Amino acid sequence: MERMNVKPTRMMLTSLKKRLKTATRGHKLLKDKRDELMKEFLAVAKENGTLRQEVESHLARVYRNFSMASAITSWEVMGESLMFPKQGVELSVDTKNIMSVEVPVFDFKTTAEDPSDIFPYGLARTSGDLDNSISELSEVFPMLLDLAGKEKETVLLAAELEKTRRRVNALEYVVIPRLQITIKYIQMKLDENERGNQTRLMKVKDMMIAEAIADKKAKDEAAIERAVNAN
Amino acid sequence: MYKIGVIGDRDSVLGFKSVGLDIYPTTEILEAKKILRKWAEGEYAIIYITEDLAVKLEKEIDKYKDSKLPAIIPIPNRDGPSGSGLINVKKAVERAVGADILFGGDK
């Protein structure tokens, strides 16, 4: 791991230590977030998978009936029959917050006058298969909406989860080790400086003592000489 | 109030009209792309698109992947499910977890 390119000063050490503390804390929090998101996500994804399979099998039935109907009835009549639907759909979108991920919640209202009679055509010219197809479709419709919500939720959660996972990994394997190494480097450099200083001081002290001794010696000798001369 | 749209070949989407959805029958990729873009930027919250078109328009659909709306959902066409819808769910799991741990095994 490469250390950061910084000057080994005491001030830098303090700020790096602070950053390390923040990074460690952030790492812990993000890890918690990741775990919780994962739990949510796996539940939603599993549900999504089963719901999709269910919807697909239902739709297959709808299509089968529809094909039967269109085999008997001409396209013009089919198109004409379905041209003006009796039922309208009003969709409202709410948002739900899952671990700070905004996901849409779809809610719908059908605007049919009579929910049991949604067939927008007279029964004389079309086959019963069309009726079956359409009533099945209106049954599967709420599931279809549910699927849309679930699928969007899955995708959005997946995106957030990926982001969080990357962040956790980056912190764990890059940012934190790098900070630790740099802090260690600065600490060692500062200790080294300290030791250098210490020896220099000791050396200076030695030199000063030697000088003082020499001075003293010279003074003593001068005093002795003076005494000898006086006698 | 939002709308729901369905894009796909005529045979597959016509039925959705009867339950009150907006349909756009087409098999042309360029046309589908244009209408998808128009709807996605408009007031459509959910756009169902048949799987065969969805596969061809993957790039376009991916653009709206990370935004809250619209939800673009592939549905099987009248030839039956091709499995590409479920692949999207798998892809999401792979993206989130790093490996497909839910729907593994069966393709």
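The values are calculated or read from the model by the stated rules, or taken from the named source; none is laboratory data. As the structure is a prediction and not an experimental result, all values here were calculated from the model. Positions of Cβ are backbone-derived with ideal geometry, glycine not excepted, and every protein chain shown enters the neighbour counts.
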How many residues does the range A:57-109 contain that are within 24 Å of residue B:78 (Cβ to Cβ) and of a type in the set (S, T, N, Q)?
8
Among residues of the range A:141-176 being closer than 24 Å to residue A:55 by Cβ and surrounded by fewer than 19 Cβ atoms within 10 Å (Cβ to Cβ), the residue nearest to the other protein chains (Cβ to nearest Cβ) is A:159
Within the range B:1-100, which helices (runs of 4 or more DSSP H) (wholly inside it) include 2 or more residues that are at the interface with another protein chain (Cβ under 9 Å from one of its Cβ atoms), within 14 Å of the chain's Cα centre (by Cα) and β-branched (Val, Ile, Thr)?
none
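I need the full set of residues from the range B:42-96 which are small (Gly, Ala, Ser) and under 19 Å from residue A:48 (Cβ atoms), in order please.
Of the range B:42-96, the ones small (Gly, Ala, Ser) are B:42, B:45, B:54, B:67, B:71, B:80, B:82-85, B:92, B:96.
Once the filter is applied, which keeps residues that are small (Gly, Ala, Ser) and under 19 Å from residue A:48 (Cβ atoms), the range B:42-96 yields B:45, B:54, B:67, B:71, B:82, B:83, B:84, B:85, B:92, B:96.
Report, by residue number, each residue of the range A:81-95 that is touching a residue at least 12 places away in the same chain (Cβ under 8 Å) and either part of a loop (DSSP other than H, G, I, E, B) or not aliphatic (A, V, I, L, M) (or both). Show your work before the answer.
Taking the range A:81-95 and keeping what is touching a residue at least 12 places away in the same chain (Cβ under 8 Å), we get A:81-94.
Within the range A:81-95, A:81, A:83, A:84, A:85, A:86, A:87, A:88, A:90, A:92, A:94 qualify.
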Quick check: anything in the range A:55-63 of a type in the set (Gly, Ala, Ser), outside any strand (DSSP E or B), facing another protein chain (nearest Cβ under 9 Å) and surrounded by fewer than 17 Cβ atoms within 10 Å (Cβ to Cβ)?
yes
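Has the range A:68-78 got at least one residue that is of a type in the set (A, V, I, L, M, F, W, C) and under 30 Å from residue B:69 (Cβ atoms)? Break it down stepwise before answering.
If we filter the range A:68-78 for residues that are of a type in the set (A, V, I, L, M, F, W, C), which is where we start, we get A:68-69, A:71-72, A:75, A:77-78.
Cutting the leftovers down to under 30 Å from residue B:69 (Cβ atoms) gives us none.
Checked the range A:68-78: no residue is of a type in the set (A, V, I, L, M, F, W, C) and under 30 Å from residue B:69 (Cβ atoms).
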So if I check each of A:30, A:37, A:51, A:42, which one is among the hydrophobic types (A, V, I, L, M, F, W, C), more than 14 Å from chain B (Cβ to nearest Cβ) and assigned to a helix (DSSP H, G or I)?
A:30
For the range A:80-125, give me the residue count where each residue is at pLDDT below 70 and either more than 9 Å from chain B (Cβ to nearest Cβ) or at positive phi (or both).
9
